[in-house]
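First comes the structure, then the notes that go with it.
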Amino acid sequence: MNMELPSVNLDSLRNVPAPQKVALLFLLVGGLVAAFYFYIAEPKAAEIAALEAENSRLESEVQTLSIKVKHLDEIIAASKQLEIELAKKKERLPPEEEAIMLLKQVSDLGVRLGLDIRLWKPGTPAEDPSKLFVKMPVNVEVSGVYHTAALFFDRINRLPRIITVSGLKMGSPKVDQGRIVSQTTFDLVAYAAPQEKPAVAAPVAGAKPVQPAQPAPAGK
């Protein structure tokens, strides 16, 4: 079924007075403006407002992510620096076997400098709670002139490996063969890298334990 639009008699419009024509024109323009606002402008404005809100949200997220990335870069840089420093410190931490040899070298150094090693008593190695190093203590007593003992401690301080001296006690000086000597006791601690423990393989779920091979029956 076809719908026909009502025909407009233009001759009748020519007979309409001018003021009514102007009023009709204003009504027509007003209707077009209202139709444009309600059907085009207002929906577009709402859409633009929604896009602006979404854009603001995205910009805020980008800014937040940029700050997080910046902080992440700082954390990564700090972590790398700590790894470098830890690697340098590990270079100064020999294995326990080398630390034992190092302590022997320190003892030999004291003898070469002219000290009399009266006591050299190694203690029990103890791993630090941090698991980063092992302390290897030695209780030491030496006898010699003051400047020789001072030179001995200076040489220990210059060693590339980490060795500390603590609990230093000096006895009353006395004359021995024309020299003023004194007995000095102290605790010497060498630091070593902890031994790496072999990794224990985790049992596989559902795996059956391997049964030992049964000996073959003896032949008759």
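Where does each of 72-78, 113-119 land if you order them by average Cβ count within 10 Å, highest first? List each step's numbers first, then the result.
On the way: 72-78: 10.1, 113-119: 14.7.
Descending mean neighbour count gives 113-119, 72-78.
Which pairs, out of K104/K174; K135/K169; K68/K135; K80/K104; K104/K169; K80/K135, put more than 30 Å between their alpha-carbon atoms? It would help to have the intermediate numbers written out before the result.
Working: K104/K174 28 Å; K135/K169 21 Å; K68/K135 41 Å; K80/K104 36 Å; K104/K169 22 Å; K80/K135 27 Å.
Pairs exceeding the cut-off: K68/K135; K80/K104.
Quick one: dipole size for region 105-166, taken about the Cα centre, charges +1 on Lys/Arg Cβ and -1 on Asp/Glu Cβ, in debye to the nearest 20. Numbers along the way, then the final one.
Numbers: 8 positive and 6 negative charges, 23 e Å.
Dipole size: approximately 120 debye.
When all protein chains stay in place, what accessible area (Å², nearest 10, 1.4 Å probe) is found for L109?
Only protein atoms counted, so the area is about 20 Å².
Which is farthest toward the positive dipole end of region 79-156 among H147, L103, P125, measuring Cα position about the Cα centre, with Cβ charges +1 (Lys, Arg) and -1 (Asp, Glu)?
H147
The values are calculated or read from the model by the stated rules, or taken from the named source; none is laboratory data. A quick note: this is a predicted structure, and the numbers were derived from the prediction, not measured. Please note: Cβ atoms are built from the backbone with ideal geometry, for glycine as well, and neighbour counts cover all protein chains shown. The area values use the complete protein model at the heavy-atom level, side chains included, leaving out ligands, DNA and RNA. Shrake-Rupley method; radii C 1.70, N 1.55, O 1.52, S 1.80 Å.
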